[in-house]
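Q: Before anything else, here's the structure in question.
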Amino acid sequence: MKNKISIASFLVAYCLTIISPSTLAVSLKPGIMPTIPAIIPQVVDISKANFLAPNFHVSNLNINEISGSEIKGNFTTTNQENYYTADLNYEMKLFKGTDFQSLKLIDLVAISDPFFIQPNGEVAKSFVYNYPQNIVSGDYTLRIQIITGRGMELGWQDKVILLKGNNKFLDIDFLTAKVLSGTISGTPLEGINVASTDDVSGSLKVQNTGKAITVVPQIKIYKRQINMPVVKEYNDSAITFAKGETKTVTLKMPKLDIPESYLAEVKFFENNQQVSGLQYFRWVVEGDSGKIIYIKADKDFYKAGDAINLTIQTVGPADGSNAGTGQLQVIVSDKNKKQIAKILKDVSLTGGLLPSIISIPVKYDLVSPIIDVKLTKAGKILDEQNINLPVFSSTAIQLEKQILQKKSSNINYLIYVFAILVIVAIILIFIFYKLKFRKIK
């Protein structure tokens, strides 16, 4: 069965999608993380069974230096939640223009440098970004946006900058781009559902505003999001544009048989230099699947008698279908990888985003736990993720010292007991041989 993705499916793809400013401009404001269909800028009680992205914001974005095509700067990320969220990264996006409602995406770089922020805390980060040298000189908007390791885009901040380029850049009309399969078509990021045997292609209108040029389309296909694994990367056939010529380019995508949401990134290159902006195309291969979107933990330490409170966000098949019931397996271990607890919880593998609230009792003091989570169905692993919470809070640091001191005391006690036993053994051996020697006499 092949059809345009439904509204429910679009909700599923929400945290798996690169947000297009043009499509969300009506309802979004910079810096606010959207939910669909509404924006919820405040923190909401996690016990409510509604999806809400982790509440992280970017502020104090500064551009410190622009030298050649290199931009250096810094920013601050704030966690406005009472929970730790694992594996945070950030993206750098470059848009042509300064009006939020008409920004055009030119470049996107995902930085893989995972970090944590303690609840209601903040982290300062610095960055270096090299923009495409062949852009048209003018005003641009640089966006720093937080993204989870699983591809969920969070809060951001924009900065308007004046950039110089070589003025040799193809213009992509992203408003007319489509993803196609037979007679079915969809917008590039909403996409379409297809069977693994169906052909998929991306269509885009490209204008050459400069001299005649021959370019090579470079295509990179990701699982779900641009900071997720690359499924395939290749160059398509060269295309020649006359001066001022506009062409509709159709690029055939490879057939992929694993049920998943796929994202193709298209750029045009001349002599290994980028000479266009970006165009993304999304499609979903139908079939049973499920993903762990994020894991949130409430603390970085737990005392005996406490409970580890986890929020685990999962999603069913990317095509929006109902795959029945799956199971979450959660294993908590200490820093020495000693298993502390194992919890199994049934979850619904439907087309919606569903949070699971799990409470795990702790029998002894624990700092920086390792949390391993698997999502399975009928014994088959659909997805897995693990986090190792770093030690942040002063309480955790103090508790860790106490645990180490206790271990050290235990070791010293064992050494003391062992030494006593050795001395006693030596004395007994001495007495035994002394008595034996007397009998011989």
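Q: I need every pair where a residue in segment 303-318 that is in the same structural domain as residue 374 (by TED's automatic domain parsing) has its Cβ under 7 Å from the Cβ of a residue that is surrounded by fewer than 22 Cβ atoms within 10 Å (Cβ to Cβ) and of a type in the set (Lys, Arg), sequence separation at least 6 or different chains.
A: Pairs found: 304/363; 310/296; 311/296.
Residues checked against (1) loosely packed, with under 15 Cβ neighbours inside 10 Å; (2) at pLDDT 90 or above:
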site: 221; (1), (2): no, yes
site: 246; (1), (2): yes, yes
site: 253; (1), (2): no, yes
site: 264; (1), (2): no, yes
site: 274; (1), (2): no, yes
site: 283; (1), (2): no, yes
site: 295; (1), (2): no, no
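Q: Residue 125 - would you say it is surrounded by 21 or more Cβ atoms within 10 Å (Cβ to Cβ), part of a strand (DSSP E or B) and not assigned by TED's automatic domain parsing to the domain that holds residue 264?
A: no
Q: A further question on this structure: Could you run through segment 84-115 and say how many residues are surrounded by fewer than 19 Cβ atoms within 10 Å (Cβ to Cβ) and aromatic (Phe, Trp, Tyr)?
A: 2
Q: Suppose we filter segment 355-371 for residues that are buried (at least 18 other Cβ atoms within 10 Å of the Cβ), closer than 16 Å to residue 345 by Cβ and not β-branched (Val, Ile, Thr); how many remain?
A: 2
Q: Which ones in segment 236-252 are in a loop (DSSP other than H, G, I, E, B) and within 20 Å of residue 209 (Cα to Cα)?
A: Those that are in a loop (DSSP other than H, G, I, E, B) and within 20 Å of residue 209 (Cα to Cα): 238, 242, 243, 244, 245.
Q: Any idea which residue in segment 361-376 is nearest to the chain's Cα centre (by Cα), counting only those that are aliphatic (A, V, I, L, M) and at pLDDT below 90?
A: 370
The values are calculated or read from the model by the stated rules, or taken from the named source; none is laboratory data. Values in this document were obtained by computation on a predicted structure and should not be read as measured data. Please note: Cβ atoms are built from the backbone with ideal geometry, for glycine as well, and neighbour counts cover all protein chains shown.
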